[in-house]
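Take a look at the structure below.
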Amino acid sequence: MRTPTLAATIQRRILVNYRVDPDLLAAQLPAPFRPVVVGGYGIAGICLIRLGGVRPAGVPRTLGVMSENAAHRVAVEWDTADGPVTGVYIPRRDTSSRLAVLVGGRAFPGWQHHARFRVEEGAGRYRVAFASDDGEVEVTVAARRADGVMTGSVFGSVDEASAFFRCAPIGYAATPTEGVFDGVCLRAEGWNIQPLHLDEARSSFFDDPSRFAPDQAVPDSAFLMADVATTWRPQPRLETSAARLAG
């Protein structure tokens, strides 16, 4: 059975970015990925996204569902027969939708973990927190609208950050099988990001001392997208040579 393309509206997407020592980040990435380096740093982070009207493309929007979602992500590149490709590697996805947990990795690419989200937003301020049911991930982010990128960011301007994220629409996510990755390509009808100032950024992933020592993963910047129509198109699975041999 052919895997469907999904359509949805990004009602709110907060991109929280960390600057990370690239050698340390490279050591934690599975093959074939390597970190993209900007200003001497690797770029990792958390995408906090509320999707509305999620449904197979062609189905009326009124039949779609809404969910809060989170993805820990790393800006990466990898080699293909046609040359290097830039995208994101996603070690973990969490969602408020039990339906997404059920179909993720089965009917549509991307294994999901269920989590409980708490969201507050208004007057240009946003607070998103979630904790996964399995106890593996806990995140709290508080941010407010700003006039420009945060001081000290690797991005010199909003336009520079926008170009960086826009040129990497393909994401490959970890699966239960080592060396096998599910892929999705995001297409947005219109692209516009607005700068946010981070008042708080806590993540059990980036704050884990077994992964990162203090000052090795530092909050760098945050950006907002809102009210954007999108499609999410499945990509061919990516498999390492070791995984193919094992299979």
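The values are calculated or read from the model by the stated rules, or taken from the named source; none is laboratory data. These numbers were taken from a predicted model, which means no experiment stands behind them. Neighbour counts are summed over all protein chains in view; Cβ atoms, including those assigned to glycine, are modelled from backbone coordinates with ideal geometry. Side chains included, ligands, DNA and RNA excluded: accessible areas come from the protein's heavy atoms. Shrake-Rupley method; radii C 1.70, N 1.55, O 1.52, S 1.80 Å.
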- Message: Where the second residue is among the β-branched types (Val, Ile, Thr) and in a strand (DSSP E or B) and the first is without any contact (Cβ under 8 Å) to a residue 24 or more places away in the chain and at negative phi and lies in region 62-82, which pairs have Cβ atoms under 8 Å and are six or more apart or on separate chains?
- Response: none
- Determine which member of the set 26, 7 is within 29 Å of residue 197 (Cα to Cα) and not in a loop (DSSP other than H, G, I, E, B). 26
- Which of the residues that make up region 178-191 are over 19 Å from residue 76 (Cβ atoms), touching a residue at least 40 places away in the same chain (Cβ under 8 Å) and open to solvent by 40 Å² or more (accessible area, probe 1.4 Å)? 187, 189
- Does residue 221 count as small (Gly, Ala, Ser) and either open to solvent by less than 70 Å² (accessible area, probe 1.4 Å) or modelled with pLDDT of 95 or more (or both)? yes
- Query: Any idea which of (1) more than 15 Å from residue 203 (Cα to Cα); (2) open to solvent by 20 Å² or more (accessible area, probe 1.4 Å); (3) touching a His at 6+ places or on another chain (Cβ under 8 Å) is the one residue 95 doesn't satisfy?
  - Reply: (2)
- Message: residue 181 - would you say it is among the hydrophobic types (A, V, I, L, M, F, W, C), closer than 18 Å to residue 111 by Cα and modelled with pLDDT of 95 or more?
- Response: yes
- With the condition kept exactly as written, say whether any residue in region 18-31 is among the hydroxyl-bearing types (Ser, Thr, Tyr) and within 17 Å of the chain's Cα centre (by Cα). yes
- Looking at region 67-79, is at least one residue of a type outside the set (D, E, K, R) and open to solvent by 50 Å² or more (accessible area, probe 1.4 Å)? no
- Item | Candidates 56, 60, filtered to the one that is more than 21 Å from residue 15 (Cβ to Cβ), touching a Pro at 6+ places or on another chain (Cβ under 7 Å) and at pLDDT below 95 | 56
- Query: Can you name the number of the only condition in (1) open to solvent by 70 Å² or more (accessible area, probe 1.4 Å); (2) farther than 30 Å from residue 181 by Cβ; (3) in contact (Cβ under 8 Å) with a residue 60 or more places away in the chain that residue 147 fails?
  - Reply: (3)
- Message: Only one of 118, 93, 73 is part of a strand (DSSP E or B), farther than 27 Å from residue 179 by Cα, in contact with a strand residue (DSSP E or B) (Cβ under 9 Å, 6 or more places away or on another chain) and at pLDDT 95 or above. Can you tell me which?
- Response: 118
- Message: List the residue pairs whose Cβ atoms are under 7 Å apart, where the first residue sits in region 192-214 and is in contact (Cβ under 8 Å) with a residue 12 or more places away in the chain, the second is assigned to a loop (DSSP other than H, G, I, E, B) and of a type in the set (Gly, Ala, Ser), and the two are 6 or more positions apart or on different chains.
- Response: 195/146; 195/148; 196/146; 197/146
- Query: Of these, 178, 138, 189, which one is over 16 Å from residue 41 (Cβ atoms), charged (D, E, K, R) and within 16 Å of the chain's Cα centre (by Cα)?
  - Reply: 138
- Note on the structure: Every listed condition ((1) within 23 Å of residue 109 (Cβ to Cβ); (2) open to solvent by less than 50 Å² (accessible area, probe 1.4 Å); (3) small (Gly, Ala, Ser)) holds for residue 57 save (2)
- Can you tell me which residue in region 99-126 is farthest from residue 217 (Cα to Cα), limited to those that are surrounded by 15 or more Cβ atoms within 10 Å (Cβ to Cβ) and touching a residue at least 60 places away in the same chain (Cβ under 8 Å)? 108
